[in-house]
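S.K.: Before anything else, here's the structure in question.
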Amino acid sequence: MVQRLAHLPPDDHGELRAALLVQVDDGAQQPGRRVEPYVGPRATTYINVLVSRGIAPDFAGAWRVALGLGWRRWLEECTAEFTDRDLLVDVLDVSAKSLVQYALDSVLALREAGLAAARGNADAEAIALIQLIAGGAPMAQDLAEGRLHYRLGRWHTGLVLWIDAPRHVDALDLAVAAVSTPASDCSTLVARGSTASRWIWLSSADLPDLYRVEQAMAAAPGVRGAVGRPGRGLEGFRSSHQDALAAQALVVRLASDRQFTAYADVELIDALTKDRAGARRFVVNTLGPLAGADPALRQALLTYVQCGFNTTRAAAALYVHRNTVERRVSRANELSAVKVEENPAHLAAALLVLDIAPGILATASN
C-alpha cells in the first residue's frame with residue numbers, strides 16, 4: 001500500500017500526503033506510533049510572508065480541510081486493500097487516532113513557527129498599520145507617527161525595491177541600506193513588503209532628491225526599484241506608495257528588464273497596457289513598420305517629441321550630432337503608420353510602450 005500511495009498524483013496537500021506515507025510505513029512496524037510534525041521550507045517561507053504582512057493564518061481551519069481530503073483518500077486505499085472486515089476496522093481505528101494526533105501536533109508546530117517568525121520580524125505591526133493607511137482607512141496622523149516613528153506631515157516619496165532571484169537577497173539589503181542613509185533634514189521608513197521586496201519612504205521638508213537613489217540602484221545588480229510621485233502629508237504617504245506599487249506591477253506585467261522605474265514616467269503606459277493584447281494592437285496600428293525597425297530610429301523620434309520637437313535639445317540628450325537626429329527622425333517618420341505631425345501624443349505613447357516592453361510584440365504573437 002505504501003508503494004501505491006507513493007505513486008499517487010501530486011496535489012495541493014503535499015505535506016499531508018507525505019504524512020500519510022510516514023503513517024502507513026511506521027504503522028506496519030509500530031502501529032499508532034506518534035509521528036513528529038513536519039514544517040517544510042515551503043511552509044516556513046509562506047508563514048514568514050504572512051507574518052511580514054501582518055496576517056494571522058487559520059492553521060486549524062486549513063488542516064481541518066486537508067485532513068478531510070486525506071482521510072477520504074486513505075479510506076479508499078484501505079477498502080481496496082483489505083478484504084478482512086475486522087482487520088480493516090483495526091487499521092482504520094489506529095490510523096484515525098494517529099492522523100488526528102499528527103494534525104493536532106502540526107497545528108501546534110505551525111503556530112510556534114508563526115510566533116518565531118513574528119519575533120524575528122519586528123515590523124509586522126508596522127506593515128499592518130501601513131496597509132491600513134494605504135487602503136484609505138481613517139487614521140489620526142499623530143497616532144500613525146507614534147507607531148511608525150516617522151514624521152508624516154511632510155513631503156514623501158514612496159519606493160519599492162525587489163529582487164527576482166533569492167541569490168540577490170544580500171544585494172537587496174545593501175541597496176536598502178544605501179537608499180535609507182539619511183541625508184540632511186531627511187527621514188526614512190523601511191518596511192518588509194515580503195521576503196523579496198522592501199517598501200521605503202523618504203521624507204523631508206522639501207521634495208526629496210532622487211539622484212542618490214538612482215546612484216544606489218545603479219550599484220546594486222540584481223535589485224530593481226520603482227518610485228512613486230512625491231506627495232505631502234498622510235495622503236501623500238499613501239498615494240506615493242500606491243504609485244510605486246503600480247510601477248512595480250507594470251514592470252512585472254510587461255516582463256520589462258528596467259532596473260529603475262518612476263511612475264510619473266510610465267503612468268500613461270500603465271493605463272494603456274492593462275490589456276496586453278490591446279496594447280499590442282495600439283503599438284502595431286500606430287507605429288506600423290517602425291515597430292520592427294532599428295531601435296535607434298525609434299529612440300531618436302521619441303526623444304525628439306519629448307524635447308518639444310527641438311532637434312538641438314534632442315541631439316544633446318542623445319549625445320549625437322543634430323544632423324544625425326534629423327536623419328533618424330525623418331526615416332522613422334517615413335516608416336511610422338501615424339506621422340509625428342498628425343498625432344504626436346499617440347506616437348510618443350506607442351514608442352514608450354515599446355521602449356519599456358520591447359518584447360510585447362513577440363510574446364503576444366506566440
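The values are calculated or read from the model by the stated rules, or taken from the named source; none is laboratory data. This is a predicted model, so every value here is computed, not measured. Every residue, glycine among them, receives a Cβ derived from its backbone with ideal geometry; neighbour counts consider all protein chains shown. The protein model used for the area step is the full one, side chains on, heavy atoms only, and it has no ligands, DNA or RNA in it. Shrake-Rupley method; radii C 1.70, N 1.55, O 1.52, S 1.80 Å.
S.K.: Find the residue count for the stretch 268-278, including only residues that are within 13 Å of Leu352 (Cα to Cα) and either in a loop (DSSP other than H, G, I, E, B) or touching a residue at least 12 places away in the same chain (Cβ under 8 Å) (or both).
M.R.: Here the count works out to 5.
S.K.: Just checking, does the stretch 254-263 include any residue being surrounded by fewer than 14 Cβ atoms within 10 Å (Cβ to Cβ), of a type in the set (A, V, I, L, M) and in a loop (DSSP other than H, G, I, E, B)? So that I can check it myself, show each step before the final result.
M.R.: We begin by selecting, within the stretch 254-263, every residue surrounded by fewer than 14 Cβ atoms within 10 Å (Cβ to Cβ); these are 255, 257.
Checking which are of a type in the set (A, V, I, L, M) leaves us with 255.
Right, trim to in a loop (DSSP other than H, G, I, E, B) and you get 255.
Yes, the stretch 254-263 contains a residue that is surrounded by fewer than 14 Cβ atoms within 10 Å (Cβ to Cβ), of a type in the set (A, V, I, L, M) and in a loop (DSSP other than H, G, I, E, B).
S.K.: In the stretch 297-322, what residues are in contact with a Ser or Thr (Cβ under 9 Å, 6 or more places away or on another chain) and surrounded by fewer than 20 Cβ atoms within 10 Å (Cβ to Cβ)?
M.R.: Of everything in the stretch 297-322, those that are in contact with a Ser or Thr (Cβ under 9 Å, 6 or more places away or on another chain) and surrounded by fewer than 20 Cβ atoms within 10 Å (Cβ to Cβ) turn out to be Arg313, Ala317, Leu318, Arg322.
S.K.: Of the residues that make up the stretch 249-263, is at least one touching a strand residue (DSSP E or B) at 6+ places or on another chain (Cβ under 9 Å), among the basic types (Lys, Arg) and within 30 Å of Met139 (Cα to Cα)?
M.R.: There is no residue in the stretch 249-263 that is touching a strand residue (DSSP E or B) at 6+ places or on another chain (Cβ under 9 Å), among the basic types (Lys, Arg) and within 30 Å of Met139 (Cα to Cα).
S.K.: Do any strands (runs of 3 or more DSSP E) entirely within the stretch 127-225 hold 2 or more residues that are open to solvent by less than 70 Å² (accessible area, probe 1.4 Å), of a type in the set (A, V, I, L, M) and farther than 15 Å from Gln259 by Cα, and if so, which?
M.R.: Numbers: elements: 155-163, 186-194, 197-204.
The strands (runs of 3 or more DSSP E) meeting that bar are 186-194, 197-204.
Yes or no, residue by residue, for (1) farther than 26 Å from Thr44 by Cα; (2) out of contact with any helix residue (DSSP H, G or I) (no Cβ under 7 Å at 6 or more places or on another chain); (3) part of a helix (DSSP H, G or I):
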position: Trp63; (1), (2), (3): no, no, yes
position: Gly68; (1), (2), (3): no, yes, yes
position: Arg72; (1), (2), (3): yes, yes, yes
position: Cys78; (1), (2), (3): yes, no, yes
position: Asp93; (1), (2), (3): yes, yes, yes
position: Leu99; (1), (2), (3): no, no, yes
position: Asp105; (1), (2), (3): no, yes, yes
position: Leu108; (1), (2), (3): no, yes, yes
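S.K.: Is the stretch 337-355 home to any residue that is open to solvent by 50 Å² or more (accessible area, probe 1.4 Å) and under 25 Å from the mean Cα position of the chain (by Cα)?
M.R.: Yes, some residue in the stretch 337-355 is open to solvent by 50 Å² or more (accessible area, probe 1.4 Å) and under 25 Å from the mean Cα position of the chain (by Cα).
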